[in-house]
1. Counting helices only, and only those DSSP H runs with n ≥ 4, report the 222 nm mean residue ellipticity of chain A as the sum of -39,500 (n - 2.57) divided by its residues, in deg cm²/dmol to the nearest 500.
2. Would you mind checking which residues have amide H under 5 Å from A:L26's amide H? H placed 1.01 Å from N; only 5 or more apart, or other chain.
3. 7 Å along Cα→Cβ for the label point: how many nanometres lie between A:D62 and each equivalent label in the other copies, listed shortest first?
4. Apply the Karplus curve 6.51 cos²θ - 1.76 cosθ + 1.60, θ = phi - 60°, to the phi angles in the range A:55-62 and return the couplings in whole Hz, x for Gly and Pro.
5. Using amide H atoms built 1.01 Å from N in the peptide plane, name the residues 5+ places from A:F66, or on other chains, whose amide H lies under 5 Å from its own.
6. Applying the Karplus parametrisation 6.51 cos²θ - 1.76 cosθ + 1.60 with θ = phi - 60° to the phi angles of the range B:37-43, what ³J(HN,Hα) value in whole Hz is obtained for each residue in order, glycine and proline being reported as x?
7. For an R0 of 35 angstrom, estimate the FRET efficiency from the Cβ-Cβ distance between B:C12 and A:A76 and round to the nearest 0.05.
8. Can you tell me which aspartates and glutamates have their Cα less than 16 Å from the Cα of A:K54? Leave out same-chain residues fewer than eight positions away.
There are 2 protein chains.
Amino acid sequence: MKAKAVFYHAGCPVCVAAEQHVANALDPSRYDVEIVHLGEARSRVEEAEAAGVKSVPALVLDGAAFHINFGADISALK
Amino acid sequence: MKAKAVFYHAGCPVCVAAEQHVANALDPSRYDVEIVHLGEARSRVEEAEAAGVKSVPALVLDGAAFHINFGADISALK
């Protein structure tokens, strides 16, 4: 069974680069990658915070949050 | 041809988590991932800096540096 990976972003240039290079580089045979734009899906900010996301872009993999460079603080997305 | 990905770390707990979850999640059919411990291979600090790495753990993919969470500043490894 594939693991779920969620890539949270806010459409910023730093986010787009991380999505293109890191999120898209994950092994598709092992991970189902969901891309979530928190600026458009504000209802999911709470879910991201619960997973430990403090800034975007961030990748939640295996239940742990990995912040990739820095685009925006999650508080700016509320 | 596979692209080269270099994961730079310094053995810190934040680094180990990023290695286990992010570096190991990359698609092996598209990326050859090299793991470099900058604490043990100090001669490669300069190469990491040239690639834009400012802190570890970091992943250099397609020529761009992606800092994953924060373990240590690269200046601490010189």
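1. Values: 2 runs with 15 residues, N = 78.
Taken over chain A, the calculation gives -5000 deg cm²/dmol.
2. HN-HN under 5 Å from A:L26: B:D27.
3. So the distances to the same position in the other copies read 2.4 nm.
4. In residue order, the calculated couplings are 8, 10, x, 8, 10, 9, 10, 6 Hz.
5. For A:F66, the qualifying residues are A:L59, A:V60, A:L61.
6. 8, 5, x, 9, 10, 4, 5
7. Values: r = 28 Å, r/R0 = 0.81.
Efficiency for this residue pair is about 0.80.
8. A:E46, A:D73
All of the numbers you see were taken from the coordinates with simple rules; none came from a lab. As the structure is a prediction and not an experimental result, all values here were calculated from the model. Note: ideal-geometry Cβ built from the backbone for every residue, glycine included; neighbour counts use all protein chains shown.
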